[in-house]
Amino acid sequence: MQRSRLTLLIAVFMLLALTGCLGGFGSDLSGDDTGSAATPDVADEQTVTVTRVIDGDTMEITYANGTEDTVRLLGVDTPETTLSRVSPDEFEGIPDSTAGRDHLFEWGERATTFAEDELDGEEVRIVFDAESDRRGYFGRLLVYIYIDDENFNQRLLADGYARMYDSRFSLRDEFAAVEMRAQTDEVGLWDYSESETESELNTDDDDSDLDIPPLPPDGDYNCDDFETQDQAQYVLEDTEGDPHNLDQDGDGVACESLS
């Protein structure tokens, strides 16, 4: 009888110990909705330094031994920072119009700035997902970046700097839920209004005698599209932020080669 009770006590003790261990497993990768709401299926992780932010979802890193590499954030996609490469059809609810492309271009720039502020020069953890390839199509490492215990990839989704990139990774369901919440709450790039963002040029404006050429099919003017510098200057002043890069030296004068 005593032996049976002793055996039962030992079994209960082992069960409690096992439950405690499982409860603490992977807790260093947990967080709230703006960081990591779940733990990925970790294949490997390394501590690195971010040496350069290329754009909102691509960075250059250096390992402790001096080895350099390029990483692509897993499961997220920020808008392109080249206007002609912006793809509104990839972002639900953003129209394929001049206004829609300008809106995404602006948020691509914002995402890059945000990544620079948060990551540039910082020591971070890169985490590889066991369900994803280690490298992507262009040879870049596919990783989550953690700042302390915060999943930076998921932060981009929560703050509306990125959409979820539909690929194979273990946090896909969690990322989809965060993206949906950002869309529903109109956070970041999902806060789009045609009337507020519209920057298409009115070529029939009675206040102007300029004959502005139509926007090229790729949505991006360059200086060769204009016959006169006045036309280019009109576009520069009418379009916020110079998304067409007509004022390359930043002196406020567009396409000086046409003067």
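Of 78, 184, 67, the residue with the largest accessible area leads and the full order is 184, 67, 78 (1.4 Å probe).
Here the label points at residue 45 and residue 222, each 7 Å from Cα along the C-beta direction, are separated by 4.5 nm in the simple model. Heavy atoms of the protein chains alone define the surface here; on that basis the stretch 63-156 has 45 Å² accessible area per residue at 1.4 Å probe size. The mean sequence separation of alpha-carbon pairs under 8 Å and at least six residues apart, normalised by the residue count of the stretch 90-162, gives a relative contact order of 25 percent. Working from Cα pairs under 8 Å separated by at least six residues, relative contact order for the stretch 32-132 is 40 percent. Among the chymotrypsin sites (Phe, Trp or Tyr not before Pro) in the stretch 64-159, those located in a DSSP loop and surrounded by at most 11 other Cβ atoms within 10 Å of their own Cβ are 137, 138. Between residue 149 and residue 133, the simple spin-label model (points 7 angstrom out along Cα→Cβ) gives 3.4 nm.
The values are calculated or read from the model by the stated rules, or taken from the named source; none is laboratory data. Keep in mind it's a predicted model, so treat the numbers as computed, not measured. Here Cβ is always computed from backbone atoms with ideal geometry, including for glycine, and neighbour counts include all displayed protein chains. Please note that ligands, DNA and RNA were not included when accessible areas were found on the heavy atoms of the full protein model with its side chains. Shrake-Rupley method; radii C 1.70, N 1.55, O 1.52, S 1.80 Å.
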